[in-house]
Amino acid sequence: MKTTGDITLVAPCGTHCADCGAYKVKDAPSMREAVAKRLQNLQINWKGVPCPGCRSVGGNCQFIDGICATYTCVTGRGLDFCFECPDFPCAKLNPAADWADVLPHNIKLFNLCCIKEQGLANWLEKASEIRQRYYQGKMIIGKGPQLE
């Protein structure tokens with residue numbers, strides 16, 4: 001299944017690049033210092049250059065040295081997203097307790113499932129709210145993360 005629609009700012013792993021601070025600094029340079037500090041606290045060496053999203057640079061992630069293995073895997077199989085792979089979900093998407101409070105592994109899987117079931121356009125309409133609930137919501141058992 002090939003996805004229709006503009007996927008430029010949606011990474012193969014389900015990350016919504018347009019909602020990332022490292023992408024947003026291109027339009028809001030005042031965010032640069034806060035983004036740099038947050039990434040430095042995570043021991044991520046950010047070069048301070050606004051991130052264009054991994055698709056536009058062939059997976060050459062500025063947060064790691066080299067090409068992202070997930071990007072290479074997905075594009076090497078001729079797919080747009082991880083969920084299109086018969087091996088989905090694989091260990092590349094497996095969350096780990098290390099950095100679990102700051103890395104969006106769980107939201108990536110949720111995003112991929114939403115894109116698969118609802119389509120890219122419908123998911124994009126909800127992507128910012130999904131991210132806000134993930135990072136700022138309060139979990140209510142049986143209801144999921146709720147915004148106050």
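Quick note: the coordinates plus some simple rules give every number you see, no bench work behind them. The structure presented is a predicted model; accordingly, all values stated were derived computationally and were not measured. As a convention, Cβ positions derive from the backbone with ideal geometry for all residues, glycine included, and neighbour counts pool all protein chains shown.
Output the number of residues of the stretch 1-31 satisfying the condition of being among the aliphatic types (A, V, I, L, M), under 17 Å from the mean Cα position of the chain (by Cα) and under 16 Å from Ile115 (Cα atoms).
So the count comes out to 5.
How do the pairs read when you match residues in the stretch 124-143 that are free of Cβ contacts under 8 Å to residues at least 60 places away in the same chain with residues anywhere that are loosely packed, with under 14 Cβ neighbours inside 10 Å and outside any strand (DSSP E or B), using Cβ under 7 Å and keeping only pairs 6 or more apart or on different chains?
Correct list of pairs: Gln132/Leu147; Arg133/Leu147; Gln136/Leu147; Gly137/Leu147; Lys138/Glu148.
Tell me which helices (runs of 4 or more DSSP H) are completely within the stretch 32-123 and hold 2 or more residues being more than 17 Å from the chain's Cα centre (by Cα), or say none if there are none. Steps first, please.
Numbers: elements: 32-41, 69-76, 105-118.
Helices (runs of 4 or more DSSP H) meeting the threshold: 32-41, 105-118.
Within the set of pairs 6 or more residues apart or between chains, which connect a residue that is among the polar types (S, T, N, Q) inside the stretch 48-61 to a residue that is surrounded by fewer than 17 Cβ atoms within 10 Å (Cβ to Cβ) with Cβ atoms less than 7 Å apart?
Ser56/Thr8; Asn60/Ile67
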